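Everything below concerns the one structure shown next.
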Ligand code: SF4
Ligand code: SF4
C-alpha cells in the first residue's frame, strides 16, 4: 500500500518572487557579482618563466643523478638493484670487478633512457648504498630525444652539481663494515 509524500518544513519562494527573479535575470546577476568581485580584487598569479621561477618543494622529484663519496669515489657498486626495481626499464647497468680487488664491483657502464622515466623514485629507494639521487633539475626539454639517453658520465655530472654535500665512504661511516669486509685493503683500527 503506497503512502502520500510527507511535506517538509522548508518554504518554497512564492510564485511572485520566482517571476521577479526571472524578469531581472537573477542568476545572471549572481554570476556577474562573482566576476566583478574577481576583477576588483585581481592579483596576477602568472609567473614570468623563465625570468621568474617558483621555489620547488624539498622532495621534488627531478632529473636523476649518480652520487660520489667525499673523496670523489663513485658510490655505485653495480649491484643492478635499481635496474630490477625500475618499472619502466629505464636503467641499464653493466657491472665489473674493481681492478685488483676481485670481491668489489662497480658499474663499468650505466645508462638511463630518461624518455621512459616516470620519476617514481623506486630506483632511489632500491639502491643499497644511496648512489642515486633525484635532483631539482627539470629544464630538460630537447629537440632530439636521443639527448635524453644519458650515460654514466652525464649522470655523475648531474649528481656533482646537484648534490655538492657528499657523505664519507661507508667504511669510514661504519668501521665495522670495513672490519668485516675482506676486500677493504686498509682495514681501519676498530675503536675499543
Ligand atoms: S624514477 Fe622510476 S621510472 Fe625513473 S628510473 Fe627510477 S625507477 Fe625507473
Ligand atoms: S645505483 Fe645503486 S642500485 Fe643501482 S647498480 Fe648502483 S649501487 Fe646498485
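The values are calculated or read from the model by the stated rules, or taken from the named source; none is laboratory data. All values reported here derive from a predicted model rather than from experimental measurement. All Cβ positions, glycine included, derive from the backbone under ideal geometry; neighbour counts span all protein chains shown.
Listing for the model above:
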{"quantity": "Segment 85-98, residues that are surrounded by 18 or more Cβ atoms within 10 Å (Cβ to Cβ) and assigned to a loop (DSSP other than H, G, I, E, B)", "calculated": "86, 90"}
{"quantity": "Any hit, segment 162-182, residues being closer than 23 Å to residue 78 by Cβ, surrounded by 11 or more Cβ atoms within 10 Å (Cβ to Cβ), at pLDDT 75 or above and under 15 Å from the mean Cα position of the chain (by Cα)", "calculated": "yes"}
{"quantity": "Among (1) loosely packed, with under 15 Cβ neighbours inside 10 Å; (2) within 15 Å of ligand 1 (Cβ to nearest atom); (3) free of Cβ contacts under 8 Å to residues at least 60 places away in the same chain - the single one residue 130 does not satisfy", "calculated": "(3)"}
{"quantity": "Candidates 72, 133 - the one that is under 19 Å from residue 164 (Cβ atoms) and either touching a helix residue (DSSP H, G or I) at 6+ places or on another chain (Cβ under 8 Å) or assigned to a helix (DSSP H, G or I) (or both)", "calculated": "133"}
{"quantity": "Test: residue in segment 39-62 that is assigned to a loop (DSSP other than H, G, I, E, B), surrounded by 10 or more Cβ atoms within 10 Å (Cβ to Cβ) and touching a strand residue (DSSP E or B) at 6+ places or on another chain (Cβ under 7 Å)", "calculated": "yes"}
{"quantity": "Residue 107, sole failed condition from (1) near ligand 2 (Cβ under 10 Å from one of its atoms); (2) surrounded by fewer than 13 Cβ atoms within 10 Å (Cβ to Cβ); (3) over 15 Å from the mean Cα position of the chain (by Cα)", "calculated": "(2)"}
{"quantity": "Options 117, 123, 82; residue that is assigned to a loop (DSSP other than H, G, I, E, B) and either closer than 26 Å to residue 59 by Cβ or in contact (Cβ under 8 Å) with a residue 12 or more places away in the chain (or both)", "calculated": "117"}
{"quantity": "Segment 99-114, residues that are in contact (Cβ under 8 Å) with a residue 24 or more places away in the chain and part of a loop (DSSP other than H, G, I, E, B)", "calculated": "114"}
{"quantity": "Residue within segment 140-147 that is in contact with a strand residue (DSSP E or B) (Cβ under 6 Å, 6 or more places away or on another chain), at pLDDT 95 or above and at negative phi present", "calculated": "no"}
{"quantity": "Test result for residue 117, within 8 Å of ligand 1 (Cβ to nearest atom) and out of contact with any strand residue (DSSP E or B) (no Cβ under 6 Å at 6 or more places or on another chain)", "calculated": "yes"}
